[in-house]
Amino acid sequence: MAAKKKKEIGKGIRALLNNIENEDAESQEQIVSELSSQIAMLPLEQIEVNPWQPRLDFDETALKELAASIKAHGLIQPITVRRLTADRYQLISGGRRLKASKIAELEEVPAFIRLANDQEMLEMALIENIQREQLNPHEIALTYQRLIEEFSLTHEQMSERVGKSRSTITNFLSLLKLPPDIQKSLKQGELSVGHGKVLVGIKDFAIQKIVFNQILEKELSVRETEKLAASYTTKKVAAKSPKANLPEEYKAVQDNLRSYLGSRVNLKLGKNGTGQININFTSVEDLNRILDLIED
């Protein structure tokens, strides 16, 4: 059997890490600034958990759900580690993401790398990154999250440091609660913060997916997206939902279909095991999208 090839982090990041000890204070500050905006892929076997990590208990069901999402889409939000040696790192933040990645059997995960004594320099570098206009909404949200997690900042303190309103910071952070495929679209610049804010406000997952797909297919503006989301809200009938009468196992089937198809699905149960599955579509394009998923 061939020997397992050792995974390497990016050459640029490795060069920065190798040079840090031999540089003067000014050069070290520049290196920390460069590291703050770069993401390395680190082998899981090289990352150890901080023994002083305050959070020890994790909800097993939630962990398995996150692991399933990571297996399907990859780890969207990088963890943060501290460099101990050339090939050893210690977790700073992202314990839940790290555990779920292990359950998903990933070999490596994306990570921000911090040095042993770079806290003050890192905070300054991160704030500088936020103020750069070329960052996409997902990158800004991740940076806010890092500042809050690593420096124990409140939204109010964050507001003072970066010169943004507290509501702006809250809106960006809420984007990280969206499903992975929507976060990817934010990262790729297909959606704006305004689009993300509308999608966050949609609590029904199926409707959220429909609106998301319509934004991409029809290139909807934020105002058009708001109107579309509102139209689904007003269409919701207050009458008793078919789901309410379904046994739990049938509810699970209905929910899985809604999630997979990204559309409203109603499962009606009749007598002797008979029933119907009703699938809603909003346009010919939406119908073709659903048909493609069913054929797959």
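Rule-based calculations on the coordinates, nothing more; no lab input. Model, not experiment: these values are computed from the prediction. Cβ atoms come from the backbone with ideal geometry, glycine included; neighbour counts cover every protein chain shown.
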| query | Net charge near residue 167, counting Lys/Arg +1 and Asp/Glu -1 over other residues with Cβ under 15 Å of its Cβ? | reply | +1
| Counting alpha carbon pairs within less than 8 Å and at least 6 residues apart, what relative contact order, in whole percent, applies to the stretch 242-295? | 27
